[in-house]
């Protein structure tokens, strides 16, 4: 989940004088949400294509030679996605929409490079199963977040706290190498990012009333797409760890 600023305190809602949503508002909301999902889906597909190409050739691939063998370039590739997320999250208020667009596509590319090793670690069948399972779960959870009348803000705060705990547990397991802890982390990871998918979808929808027709709308679309992209990718990786079979 990306840390994108909430404009609800600074922009006037796009409403009619009577305070009811109009057909124009509904059409605008659909177009806005479609833009978010187009960016998010295109980003995921770009990441997948880059990952497959970078890992093409198996142990003779660039992914194997650069990432598996370690070295400075491997660290640059692995840490670059985090740098892009921080740059976009903390610099969005000062950036043009076009700049955020470029950073989003660049982020999707470097994520593909950093994730390419999954094609060396897991079978193609396992990756496909995990991907389609994630896609189905994401679609259902996002639909729930879009349609539910329940305010998910409190759940979102709880999930973000859980995410911090999850990161700590993952760091601990780097040293203890516990298979039991790894299993628990994977299960919790799936649950946390499943919840964040619904929460981020509702948050994205609610943003529209406060940015529609303003110069903030384009930036919010990209940052919302980034949040949902991260939810999808992380849920996919945790599901892959649960169900994935190692490549023989």
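The values are calculated or read from the model by the stated rules, or taken from the named source; none is laboratory data. All of these numbers come straight from a predicted model, not from anything done at the bench. Glycine also receives a Cβ, built like all others from the backbone with ideal geometry; neighbour counts cover every protein chain displayed.
Just to be sure before I move on: is residue 175 in a helix (DSSP H, G or I), within 30 Å of residue 66 (Cβ to Cβ), without any contact (Cβ under 8 Å) to a residue 12 or more places away in the chain and over 20 Å from the mean Cα position of the chain (by Cα) in the structure I sent?
Numbers: in a helix (DSSP H, G or I): yes; within 30 Å of residue 66 (Cβ to Cβ): yes; without any contact (Cβ under 8 Å) to a residue 12 or more places away in the chain: yes; over 20 Å from the mean Cα position of the chain (by Cα): yes.
Yes; evaluated as a whole, the condition is true for this residue.
Against the conditions (1) part of a loop (DSSP other than H, G, I, E, B); (2) without any contact (Cβ under 8 Å) to a residue 40 or more places away in the chain, where does residue 214 fall short? Just the number, please.
(2)
Taking the range 130-167 on its own, how many of its residues are part of a helix (DSSP H, G or I) and farther than 15 Å from residue 186 by Cβ? Let's see the steps before the verdict.
Filtering the range 130-167 for residues part of a helix (DSSP H, G or I) gives 130-147, 153-167.
The next check asks that each one be farther than 15 Å from residue 186 by Cβ; those that pass are 131-132, 135-136, 138-147, 153-161, 164.
Residues meeting the conditions: 24.
Could you grab me the full set of residues in the range 14-59 that are modelled with pLDDT under 85 and either loosely packed, with under 13 Cβ neighbours inside 10 Å or in contact with a strand residue (DSSP E or B) (Cβ under 9 Å, 6 or more places away or on another chain) (or both)? Don't jump to the end; show me each part of the working.
Within the range 14-59, the first condition is being modelled with pLDDT under 85, and the residues that meet it are 14-26.
Within the range 14-59, 16, 17, 18, 19, 20, 22, 23, 24, 26 meet the criteria.
Scan the range 113-166 residue by residue and report those that are loosely packed, with under 12 Cβ neighbours inside 10 Å and under 30 Å from residue 69 (Cβ atoms).
124, 125, 128
In the set 74, 130, 106, which member is within 23 Å of residue 194 (Cβ to Cβ) and out of contact with any strand residue (DSSP E or B) (no Cβ under 7 Å at 6 or more places or on another chain)? Steps first, answer last, please.
Details: 74 fails: within 23 Å of residue 194 (Cβ to Cβ); 106 fails: within 23 Å of residue 194 (Cβ to Cβ).
The match here is 130.
Suppose we keep only residues that are crowded, with 20+ Cβ neighbours inside 10 Å and over 19 Å from residue 197 (Cα atoms) within the range 217-234. Which one would you say is nearest to the chain's Cα centre (by Cα)?
Top of the filtered list is 219.
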